[in-house]
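The values are calculated or read from the model by the stated rules, or taken from the named source; none is laboratory data. Note that this is a predicted model, so its numbers are computed, not measured. Note that we place each Cβ from the backbone using ideal geometry, even for glycine, and neighbour counts take in every protein chain shown. With ligands, DNA and RNA removed, areas are computed over all heavy atoms of the protein, side chains included. Shrake-Rupley method; radii C 1.70, N 1.55, O 1.52, S 1.80 Å.
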Amino acid sequence: MNHSHSNAKREARDNGYVVLNELHEDFIGGYGELDTPFELNENKRTGSNFGAYFNIVCVIAGTGTLQIPFALRQVGWLGIPLIFLGAAVAAYTGVLLIKCLYYKGGARLDGFPAIGEAAFGSFGRMLVNVFYYSILVGGACVYLILSGVNINQIAEAHGSTVSLTTWITVASLIIWAPFVACKSLKEVAILAIFGAVATGIVVVVTVVVGLKDLANQTNFTPTHDLLIVPNIPLALGSIGFSFGGNVIYPHVEETMRNPRAWPRVLFTAMATCCLMYTLIGVVGYWVYGSMTVSPILLNLPIGFATTLATILITLHVIVAAPIYLTSCALELEAILKIDRKYHSPRNEFIFRFLLRTGIMIALTCVGMTVPFVDDLMSLIGALATCMILFILPIVFYWKLFGFKVMGKLEIAWCVFIIIFGIIGCVFGTHAALRKLLLDLALQS
């Protein structure tokens, strides 16, 4: 290696140490701000902290809210600490991820795959892309299927005989419209606000109706477990999926007018999701015990409140799906150079329209073939989210900056996260695949 390259690398690294020392102080302080010499693109950075907060909550809390009671059924009451652990890890690695974007001391990388490439070259980018697109496309597919299932449930309650596959197609068309019309995450922020508020209402409705149902139960006594050890990896997959927003964080942060507020925005969003998960999880599992299903709305007695909650959560996931898909499409459009730097506004829109329409057609085909929400959530959570959420941000951070910017306790915390992620990934993927294959066999 020549001396000029070595000196340049050392200078960039030293700049990174300065930035990261400041960032670590902010992280440990709780709600500090990123004090980083950002190179801002004013054309993109017009979104508010408020909009970024709702983008995060909207994407994370949708299906996770409905899955958490079932995750507690899988693992027992001691699954509650796993919810808090998931929130803590998501907040911590989310901050590390954004630090990695600025590892050069100010110049920003363009996303999660670019971080992988900076750390491990083309192999790192390929590794990230495998899990990255699995979460973005898989998460959107889960939202699409859940939308179709919920619409079908409401329609059947009113005497409809339309098939589930037809309703999944209808949901796909509804999701397709904003996905094609809205170019960036900044433009879908208003949809995210609605989605986050809708999820909050669903939590309240589920808790109230569930407790009322408990009081009216006469022929059913719920049974509970303290801990079901064999199911820990499977529950980890469900909980990991419920906090798996890392894939959209770079795109959300990129739209923020004040990116230095990222830790505060992220921690607030994680605290909000954790509160909703704990509330609906404890009440849902307490009321229905071993009979808890996913989504939890299927346990509730049919009535106006349950129908309202089903409609709201359906609208929520329909809103959240374009956020996942937009993050995926932005990456693909960058690779394919679908941008006004290379095309006229008219041609750019045509190419973007064709690409995004093709993505929706593919998702619809998958959704109609594999309509198992809980199985897909567990599989995606175990296989992809555990890598993206638990493991890769820490590994990339260490590769880019070394261990010197961390104290011994923080290093131990990171090692614990990685080990936990590996357990969830390996054993959770095996269990989720086995259950998915069983359900497919029963369907056929």
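For the chain, adding -39500 (n - 2.57) for each run of n ≥ 4 DSSP H residues and dividing by the number of residues yields -25500 deg cm²/dmol at 222 nm. Protein heavy-atom accessible surface, 1.4 Å probe, per residue over segment 101-169: 37 Å². Averaging the Cα positions of each part gives two centres, and for segment 120-166 and segment 261-330 these lie 15 Å apart.
For the chain, the longest stretch holding no GluC sites (Glu not before Pro) located in a DSSP loop with at most 14 other Cβ atoms within 10 Å is which? Show your work: numbers first, answer last.
Numbers: sites that count: Glu39, Glu42.
For GluC sites (Glu not before Pro) (loop position, at most 14 other Cβ atoms within 10 Å), the longest site-free span of the chain is 43-444.
How big, on average over all directions, is the shadow cast by the Cα convex hull of segment 262-320, in nm²?
Numbers: hull surface 19.9 nm².
Orientation-averaged projected area of the Cα hull: 5.0 nm².
Considering only Thr307, Thr206, Thr429, the Gaussian network model of the chain with Cα springs below 10 Å gives its largest mean-square fluctuation to Thr307.
For the pairs Lys183/Lys337; Lys99/Lys399; Lys183/Lys341; Lys104/Lys399; Lys99/Lys183, note any where the Cα-Cα span goes beyond 18 Å. Could the numbers behind the result be given before it?
Values: Lys183/Lys337 14 Å; Lys99/Lys399 13 Å; Lys183/Lys341 15 Å; Lys104/Lys399 13 Å; Lys99/Lys183 26 Å.
Table pairs above 18 Å Cα-Cα are Lys99/Lys183.
Separation of segment 368-387 and segment 53-74, taken as the distance between their Cα centroids, equals 14 angstrom. Of Lys104, Lys404, Lys183, the residue with the greatest mean-square motion in the GNM of the chain, using alpha carbon springs below 10 Å, is Lys404.
Grab the Cα-Cα distance for Ala271 and Ala88, subtract it from 0.36 nm times how many residues apart they are, and report the gain in nm with one decimal.
Details: separation 183, 0.36 × 183 = 65.88 nm, distance 0.89 nm.
Fully extending the segment from Ala271 to Ala88 adds 65.0 nm.
Heavy-atom accessible area with a 1.4 Å probe sorts Met368, Met387, Met377, largest first, into Met368, Met387, Met377.
Think of the chain as having a plus end and a minus end, set by charges on the Cβ of Lys, Arg, Asp and Glu; of Val89, Ile60, Ser134, Ser134 sits farthest toward the positive end of this dipole. Here Leu308 and Lys404 are evaluated by their C-beta separation; at R0 = 56 Å the FRET efficiency comes out at 0.55.
If R0 is 60 Å, the Cβ-Cβ spacing of Val229 and Asp339 corresponds to a FRET efficiency of close to 0.75.
Backbone phi angles across segment 68-76, fed through the Karplus curve with coefficients 6.51, -1.76 and 1.60 (θ = phi - 60°), yield HN-Hα couplings of 4, x, 5, 5, 5, 4, 5, 10, x Hz in residue order; Gly and Pro are listed as x.
For segment 224-289, the solvent-accessible area with a 1.4 angstrom probe is 28 square angstrom per residue.
Nearest 10 degrees, 0 to 90: what angle lies between the long axis of helix 345-369 and the longest principal axis of the chain (Cα atoms)? Rounded to the nearest ten degrees, it is 40. Mean sequence separation of contacting Cα pairs (under 8 Å, at least six apart), scaled by the length of segment 337-444, corresponds to a relative contact order of 37 percent. Averaging the sequence gap over all C-alpha pairs within less than 8 Å and six or more residues apart, then dividing by the number of residues, gives the chain a relative contact order of 32 percent.
Dimensions of the chain based on its C-alpha atoms, expressed as ranges along the principal axes with the largest first, amount to 78, 54, 39 Å.
Here the Gaussian network model covers the chain, with springs between Cα atoms less than 10 Å apart; of Ile201, Ile232, Ile302, Ile302 fluctuates the most. Against the main long axis of the alpha-carbon atoms of the chain, helix 164-181 sits at an angle near 30°.
Each residue of segment 382-394 was assigned a 3J(HN,Hα) from its phi angle through the Karplus expression (A = 6.51, B = -1.76, C = 1.60, θ = phi - 60°), giving 6, 6, 9, 5, 4, 6, 6, 8, 8, 9, 4, x, 6 Hz with x at Gly and Pro.
Atom-type composition of the exposed protein surface of the chain places 68 percent of the accessible area on carbon and sulfur (1.4 angstrom probe). Seen against the Cα atoms of the chain and their longest principal axis, helix 232-242 is set at about 70 degrees.
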